[in-house]
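Presented below is the structure to which this report refers.
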Amino acid sequence: MHTTMLRSLSLLTLLGISSLSFSAHSSAFTEAEEAVEYRQSALQLMRENFSVMADMVRGDIDYDAATFETRAEAFYHASHLPWDGFRDAGENFRGDGDALPAVWENWDDFSQRIEQLKSDAKALSEASASQDMSTIRSAFMSTARNCQQCHDRYRE
Ligand code: HEC
């Protein structure tokens, strides 16, 4: 075996990442609880960024264009993250999180909402560059509606 490859393999071992975790599935999750922890952490990351923007849209804190843009950009990236924690795992990976079985029974609808969220997040990030609060507010509200509606259907 090539030495460079050997070296990266032992680095993985050092990091506690055994090659076994990469087998079987295309996602790295071997247990439901890993998937739940992954998606909940990513959803929290999304929420952290979203709630700073919410405070500015509501006027609870002063609107600051640079902060808003940074948060909108981070939110856009974060909006791509949680979903692998649901995906190829199937319902067996429901775990003890708050996702309802409906997620896996209506996978097409759930997926469409994911795609909608990503495009809402992109639109919000673009709107933030306008620095115009009414443009920003309307992009923000569309996104917030999507959070709400998906939670109504798919979250305990
Ligand atoms: C495609 C559907 C969907 C969309 C869109 C969605 N969520 Fe969720 N969200 C869920 C589901 C399902 C859960 C429950 C996950 C679990 O516990 O397994 C959840 C849980 C959460 C949690 C709790 C995580 C935890 O630690 O338990 C937060 C925070 C959250 N969502 C924030 C948001 C925000 C903010 C938005 C919009 C910007 C959003 N979500 C949009 C489906 C969605």
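Rule-based calculations on the coordinates, nothing more; no lab input. Keep in mind the model is a prediction, meaning the values are calculated, not measured. Quick reminder, even Gly has a Cβ in these numbers, built from the backbone with ideal geometry, and neighbours come from all protein chains shown.
Structure data summary
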{"quantity": "J(HN,Hα) series, region 142-154, from Karplus relation 6.51 cos²θ - 1.76 cosθ + 1.60, nearest Hz, glycine and proline x", "calculated": "4, 5, 4, 4, 5, 4, 4, 5, 5, 5, 4, 8, 10"}
{"quantity": "Cα gyration tensor, region 39-127 - rounded (a/c under 1.5), prolate or oblate", "calculated": "prolate"}
{"quantity": "Computed FRET value (nearest 0.05) for N106 with E126, which takes r as the C-beta separation and R₀ as 41 Å", "calculated": "0.85"}
{"quantity": "Relative contact order for region 31-154, counting Cα pairs under 8 Å that sit 6 or more residues apart, in percent", "calculated": "31 percent"}
{"quantity": "Extension gain (nm, one decimal) between S119 and R155, 0.36 nm per residue minus Cα-Cα", "calculated": "10.8 nm"}
{"quantity": "Only Lys, Arg (+1) and Asp, Glu (-1) charged, at Cβ; region 61-124 dipole about Cα centre in debye", "calculated": "100 debye"}
{"quantity": "Integer Hz, Karplus 6.51/-1.76/1.60 couplings in order for region 76-85, x for Gly and Pro", "calculated": "4, 5, 4, 5, 8, 8, x, 6, 4, x"}
{"quantity": "Estimated inter-spin distance, A144 and H80, nm [label 7 Å along Cα→Cβ]", "calculated": "2.7 nm"}
